[in-house]
1. Condition first: polar (S, T, N, Q) and either farther than 18 Å from PHE117 by Cα or modelled with pLDDT under 95 (or both). Can you find one or more residues in the stretch 35-54 that meet it?
2. Can you pull out the residues in the stretch 52-91 that are surrounded by 15 or more Cβ atoms within 10 Å (Cβ to Cβ) and of a type in the set (D, E, K, R)?
3. When the stretch 92-137 is examined, which residues are found to be crowded, with 17+ Cβ neighbours inside 10 Å, of a type in the set (A, V, I, L, M) and within 30 Å of THR49 (Cα to Cα)?
4. Within the stretch 15-51, how many residues are loosely packed, with under 15 Cβ neighbours inside 10 Å and of a type in the set (Val, Ile, Thr)?
Amino acid sequence: MIINTDSSFLKKEIIETVEREYKAKYVLESCLKYKDGDWGNRPAAIFYTEEAHPRGSNYFALYFRGDSLMITDGLPSIKDVVFSGIEAEGEVVYSRYRHDFREGKNGAFVDGGRDYFKYGGDRFSDYNVVKFKVVKDHLEIIE
C-alpha cells in the first residue's frame, strides 16, 4: 500500500533540493497546527532531519505566506496526529488541509484535512478507510 504524499505547492525538484541542502527527508504535506491548537488552512511540507534544531525538533515545515517561503517547527503538525485517508487499488489518498478535495483511483475521494473527514466514491465497496501516523522519516499504517 502506498500513501500518496505528493505536494500541492512544491515541485519535486524543490523537494529534492531541500532534502540535499538540509540533509532532510520529505515526509508528507499537511497543514500547520497553531499554538492555540487550531489547524491552519494552508499547505505545509513536513521534513525530517536526523540532527534536531538546537531550539526545536527533528521536523521542520515549509509553507508560503504570500510570496515568501517560510520555515517553522513541524513537530506540532505531526506529533500524536493520526491521519485518515481512503485506499483504493493499493493507493491511499488523504486530505492535507481543510477543503483539500483529492481524488484517488476508481473515483475514491477525500476532503477535510484535520478539520473533518469526508470520503466516498463511485463504487464505495471498493474503498477502505486507512489510518496512519508519522514515525521518524516515514508513514506507518495503523492496523
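The values are calculated or read from the model by the stated rules, or taken from the named source; none is laboratory data. The structure presented is a predicted model; accordingly, all values stated were derived computationally and were not measured. No Cβ is skipped: glycine too gets one built from the backbone with ideal geometry, and neighbour counts run over all protein chains shown.
1. Going residue by residue through the stretch 35-54, those that are polar (S, T, N, Q) are 41, 49.
Remaining after also requiring either farther than 18 Å from PHE117 by Cα or modelled with pLDDT under 95 (or both): 41, 49.
Yes: one or more hits.
2. Residues satisfying the conditions are ASP73, GLU87, GLU91.
3. Residues satisfying the conditions are VAL92, VAL93, VAL110, VAL130, VAL134.
4. Looking only at that region, the number is 1.
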